[in-house]
C-alpha cells in the first residue's frame, strides 16, 4: 500500500477548501468540477475532487456532497492508494465480505481502478490503483 488519505465530503466545498487551506497552509491542487461529466449530470458547479497538499506526504482530499445530506461523522472516508491491481482486487474482495459495495471496482474515466466499499463495521473505504503512477 502506498498511502492512506482522508477524503472529506462537505457542503460548499469551494468555501471549505479555502478555509482548510488557510487553517493548515499548503497548496490547492487537482480541483475537478462536475461540469460536463455524464456521471455527475445535474450537479454542475460542484467539486467532485480536490486536494490540499501540506508537505510532500500530507494530503487531504475534499469533495462536495452529492445527493442526500450526510449524517455528521459519516462524511469522511479513507482512500487507500494501492501498489498493484492484484492488491486492490484482494483488499476489495475482503472488504465486501459482509460489507456493502458503494461503487463497484472498475476502471474509471480518470484512468485508475477504483472502488468504494462500506465494510461490516460501517467504515467506508475508497480503493484506488493507478497503473501510471
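Observations
- Note on residue 66 and residue 121: their simple-model spin labels are 2.8 nm apart, each label 7 Å out from Cα toward Cβ.
- The slack between residue 131 and residue 12, meaning 0.36 nm per residue of separation minus the straight C-alpha distance, is 39.6 nm.
- DSSP bridge orientation in the stretch 75-133 - percent antiparallel, rounded to nearest 5: 75 percent
- Degrees between helix 13-24 axis and first principal axis of the chain (Cα, 0 to 90, nearest 10): 80 degrees
- Computed lengthening from residue 54 to residue 97, 0.36 nm per intervening residue step minus Cα-Cα distance: 12.0 nm
- Note on the stretch 1-40 and the stretch 82-133: Cα centroid distance 20 Å, given to the nearest whole angstrom.
- Cα-based helix-to-principal-axis angle, 85-96 vs the chain, degrees rounded to 10: 90 degrees
- Within the stretch 14-37, backbone nitrogen closer than 19 Å to the virtual label 7 Å beyond the Cα of residue 109 toward Cβ: 30-37
- Overall shape of the chain was characterised from the C-alpha gyration tensor. The equivalent ellipsoid obtained from it has semi-axes of 23, 18, 16 Å, in decreasing order.
None of the figures in this text is laboratory data; all of them are computed from the coordinates on show. Keep in mind it's a predicted model, so treat the numbers as computed, not measured. Here the Cβ is made from the backbone with ideal geometry for all residues, glycine too, and neighbour counts use every protein chain on show.
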